[in-house]
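Okay, structure first, notes after.
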Amino acid sequence: MGDRERGRRGRAGGRLGVTVRALLFDLDGTMLDTDPIHEAVFRDLLAPRGIAVDRAFYMEAIHGRLNVDFFAEYLPDEPDPQGLSERKEAEFRDRLPRPYPAAPGAARLIREAAARGTPMAVVTNAMRLNAEAMLEAIGLADAFATIVVGEECARAKPHPAPYLAACDALRVAPGDAVAFEDSPSGLASAAAAGCRVVGVRSALTDAALRAAGAHLTIRDFEDPGLDQLLERTPT
């Protein structure tokens, strides 16, 4: 890294028009493509309960939500929604391959941010065991000292509480943090907290992500728009 690049550490302009002092990452669908695994687990779990899960239903009813919130709506007579959620997530962990590929460019971005000393956090609606399993699977278990879990906050996404908790833990103002998200609930959470939000087009279109609160969108972490945002040299 040259002197000029060192002088840019912690700054970014680009289309967000904000000084970047922290990076906040969702996990599922943002740092790694786990939706096919989750969808398959839900399909197997819900079929005996009379609910058919296809891609459209998964994206509309399940994607980005806490399991217990989904169960409250679609399985209101379920006697133990928390237990059912834990069974579902244990099955997800069993099916998650190790190792598993991170989203293109994610590891590079995180290594660069760590080298610059940029504070980073994971902010997820996944339970902590899942978050730790996913980070281990993509080889980034040691990259995040701060992991904020929605169900451990007063409210989960789409409430702003998880992102506010992350900013508080990193000691940054939400307006100085950039959040990467792929789901409407996550985008709404980050935007409501006051973060600048980058939508990752892993499952939704640019228009859908912007409608949910994204200030800009990227294909993945190799998107040239991200180089402009973070003022880094493209590979």
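The values are calculated or read from the model by the stated rules, or taken from the named source; none is laboratory data. Bear in mind the structure is a predicted one, so any value in this text is a computation, not a measurement. Using ideal geometry, Cβ is built from the backbone for each residue, glycine included, and neighbour counts are taken over all protein chains shown. Accessible surface is based on the protein model in full, side chains and every heavy atom, while ligands, DNA and RNA are left aside. Shrake-Rupley method; radii C 1.70, N 1.55, O 1.52, S 1.80 Å.
Within segment 199-207, does at least one residue satisfy the condition of being of a type in the set (A, V, I, L, M) and open to solvent by 50 Å² or more (accessible area, probe 1.4 Å)? Checked segment 199-207: at least one residue is of a type in the set (A, V, I, L, M) and open to solvent by 50 Å² or more (accessible area, probe 1.4 Å).
Yes/no per residue for (1) out of contact with any His (no Cβ under 7 Å at 6 or more places or on another chain); (2) charged (D, E, K, R); (3) at pLDDT 95 or above:
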| residue | (1), (2), (3) |
| --- | --- |
| A72 | yes, no, no |
| R93 | yes, yes, yes |
| P97 | yes, no, yes |
| P104 | yes, no, yes |
| R111 | yes, yes, no |
| V122 | yes, no, yes |
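Taken over segment 64-89, the criterion of being part of a helix (DSSP H, G or I), of a type in the set (G, A, S) and surrounded by 14 or more Cβ atoms within 10 Å (Cβ to Cβ) is satisfied by S85 alone. When segment 131-154 is limited to residues that are over 17 Å from M120 (Cβ atoms) and within 15 Å of the chain's Cα centre (by Cα), the one that is surrounded by the fewest Cβ atoms within 10 Å (Cβ to Cβ) turns out to be E151.
Residue-level check: of (1) open to solvent by 40 Å² or more (accessible area, probe 1.4 Å); (2) of a type in the set (K, R); (3) over 22 Å from G117 (Cα atoms), K157 misses just (1).
Yes or no: A61 out of contact with any strand residue (DSSP E or B) (no Cβ under 6 Å at 6 or more places or on another chain) and open to solvent by less than 10 Å² (accessible area, probe 1.4 Å)? In short, yes.
Report yes if F92 is aromatic (F, W, Y), under 26 Å from L204 (Cβ atoms), crowded, with 21+ Cβ neighbours inside 10 Å and within 13 Å of the chain's Cα centre (by Cα), otherwise no. The answer is no for F92. Among the criteria (1) touching a Lys or Arg at 6+ places or on another chain (Cβ under 9 Å); (2) more than 29 Å from C195 (Cα to Cα); (3) open to solvent by less than 30 Å² (accessible area, probe 1.4 Å); (4) small (G, A, S), the one A52 does not fulfil is (3). The residues of segment 208-219 that are surrounded by fewer than 19 Cβ atoms within 10 Å (Cβ to Cβ) and either assigned to a helix (DSSP H, G or I) or at pLDDT 95 or above (or both), listed by number, are A208, R210, A211.
Listed here are the residues, each with its yes/no results for (1) farther than 15 Å from A113 by Cβ; (2) at pLDDT 95 or above.
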residue: R171; (1), (2): yes, yes
residue: A177; (1), (2): no, yes
residue: G194; (1), (2): yes, yes
residue: V198; (1), (2): no, yes
residue: G225; (1), (2): yes, no
residue: E231; (1), (2): no, no
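So how many residues does segment 1-49 have that are open to solvent by less than 50 Å² (accessible area, probe 1.4 Å) and at pLDDT below 90? Residues flagged as open to solvent by less than 50 Å² (accessible area, probe 1.4 Å) and at pLDDT below 90 within segment 1-49 amount to 9.
Scanning segment 166-184 for residues that are open to solvent by 20 Å² or more (accessible area, probe 1.4 Å), closer than 14 Å to C195 by Cα, in contact (Cβ under 8 Å) with a residue 24 or more places away in the chain and assigned to a helix (DSSP H, G or I) yields a count of 3.
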